[in-house]
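Novice: Let me give you the structure first, and then I'll get to my questions.
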Amino acid sequence: MVLSTHHHWDHTRGNAELAHILPGLAVLGADERICALTRRLEHGEGLQFGAIHVRCLLTPGHTSGHMSYFLWEDDCPDSPALFSGDALSVAGCGWHLEDTAQQMYQSLAKTLGTLPPETKVFCGHEHTLSNLEFAQKVEPCNEHVQAKLSWAQERDDEDIPTVPSTLGEELMYNPFLRVTEDAVRAFTGQVAPAQVLEALCRERARFQPAVEPPQPQVRALLALQWGLLSTHQKK
């Protein structure tokens, strides 16, 4: 079974090939645009794989049909996990909005932000450093941002992943989850949470480098597309 968060190619490109290799494979998600989708999920729907439970959480904003997945296991001491796709990332979120800022605020603050603080957040991309650099611009006096940025820089130097974080940590340094904080409101010049969030998304778009090096998995996929990894070379 495949659980897709949203329809963007960098999250679903492999669905069709998997379905071809494994006839009858179930490909689930909340958006008809998801490649090879076999069944559309509903908000709040529950799935179970043995002792592992999955709660499907519709989190529109980045896309209209974005679904996040909250998982926990019976009689397991490990913390629950959230597979958040592009709805929520370490110190950031999917700030290219297909839906309204109000919908994204509802997704972040109400749907995801109220999950247990010990929840491990597994996001779809690792933009941790640039996200934290933006968070530092928003809240230059936030000690949690400064500490996390130093930690992330060390991890990056050692080529060690910065994912997962925890939801409790995100609430301390992720500006997109801190839209009611005075410092974040002051940075945006807005007061209403959805308007603060919308302004943050605009500022994050301006802050993003014009050309950001693609992540390793994207480079590999581009190499395959261009034939650079082909085993059959012309002589």
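Novice: Is the shape of region 46-87 rounded, prolate or oblate, going by the alpha carbon gyration tensor and its root eigenvalues a ≥ b ≥ c, with a/c under 1.5 for rounded and a/b larger than b/c for prolate?
Specialist: Working: a/c = 4.43, a/b = 2.20, b/c = 2.01.
Here region 46-87 falls in the prolate category.
Novice: Picking from 18, 129, 177, which is most flexible by a Gaussian network model of the chain using Cα springs under 10 Å?
Specialist: Judging by the Gaussian network model, the answer is 18.
Novice: So, one more: What FRET efficiency would be calculated for the residue pair residue 158, residue 45, taking the C-beta separation as r and a Förster radius of 45 Å, to the nearest 0.05?
Specialist: On the way: r = 40 Å, r/R0 = 0.88.
Working from the Cβ atoms, E equals 0.70.
Novice: Among 94, 189, 85, which one shows the highest mean-square fluctuation when the chain is modelled as a Gaussian network with alpha-carbon springs under 10 Å?
Specialist: In the Gaussian network model the winner is 189.
Novice: Still on this structure, please answer the following. In region 1-96, which GluC sites (Glu not before Pro) are in a loop and have at most 12 other Cβ atoms within 10 Å, using DSSP for the loop call? Walk me through the numbers before you get to the answer.
Specialist: Working: sites: 17, 32, 42, 45, 73; in loops: 32, 42, 45.
When the GluC sites (Glu not before Pro) of region 1-96 are filtered for loop state and at most 12 Cβ neighbours within 10 Å, 32, 42 remain.
Novice: Using Cα-Cα distances under 8 Å and only pairs 6 or more residues apart, what relative contact order does the chain have, in percent? Spell out each step's value before the answer.
Specialist: Values: 398 pairs, mean separation 32.9, N = 235.
Once normalised by length, the contact order is 14 percent.
Novice: Using a 1.4 Å probe on the protein heavy atoms only, what accessible surface does residue 173 show? Give it in Å² to the nearest 10.
Specialist: 10 Å²
Novice: Taking a probe of 1.4 angstrom, what is the accessible area of residue 148 in Å², to the nearest 10?
Specialist: Using a 1.4 Å probe on the heavy atoms, I get roughly 20 Å².
Novice: Now a separate question. How much of the accessible area of region 1-41, in percent, comes from carbon and sulfur atoms when a 1.4 Å probe is used? Numbers along the way, then the final one.
Specialist: On the way: 1280 of 2310 Å².
It is 55 percent, rounded to a whole number.
Novice: Follow-up question, since we're still on this one. Let me make sure I get this right: for region 33-117, a, b and c are the square roots of the gyration tensor eigenvalues over alpha carbons, sorted descending. Under 1.5 in a/c it's rounded, otherwise prolate if a/b > b/c, else oblate. Which is it?
Specialist: Numbers: a/c = 2.23, a/b = 1.35, b/c = 1.65.
Taking the square roots of the gyration eigenvalues as a ≥ b ≥ c, region 33-117 is oblate.
Novice: Let me ask something else about it. On full extension of the chain, what length is gained from residue 171 through residue 79, given 0.36 nm per residue of separation minus the C-alpha to C-alpha distance? Walk me through the numbers on the way to the answer.
Specialist: On the way: separation 92, 0.36 × 92 = 33.12 nm, distance 1.69 nm.
Gain in length upon complete extension: 31.4 nm.
Novice: Which of rounded, prolate or oblate describes region 47-210 when judged by the alpha-carbon gyration tensor and an a/c cut-off of 1.5?
Specialist: Cα axes put region 47-210 in the oblate bin.
Novice: A further question on this structure: Give the accessible surface of region 1-114 per residue, rounded to a whole number of Å², with probe radius 1.4 Å and ligands, DNA and RNA excluded.
Specialist: 47 Å²
Novice: A further question follows. Pick from 20, 66, 53: which is most flexible by mean-square fluctuation in a GNM of the chain where alpha carbon atoms under 10 Å apart are linked?
Specialist: Of 20, 66, 53, the most mobile in the Gaussian network model is 20.
Novice: Could you check how much of the accessible area of region 115-196 is carbon and sulfur, as a whole percent, using a 1.4 Å probe?
Specialist: Numbers: 1970 of 3990 Å².
Whole-percent figure for carbon plus sulfur exposure: 49.
The values are calculated or read from the model by the stated rules, or taken from the named source; none is laboratory data. This one's a predicted model, so the numbers in the text were calculated from it and none came from an experiment. Every residue, glycine as well, gets a Cβ built from its backbone with ideal geometry; the counts of neighbours run over all protein chains shown. For the accessible areas, the whole protein counts, side chains as well, though only heavy atoms, and no ligand, DNA or RNA atoms are used. Shrake-Rupley method; radii C 1.70, N 1.55, O 1.52, S 1.80 Å.
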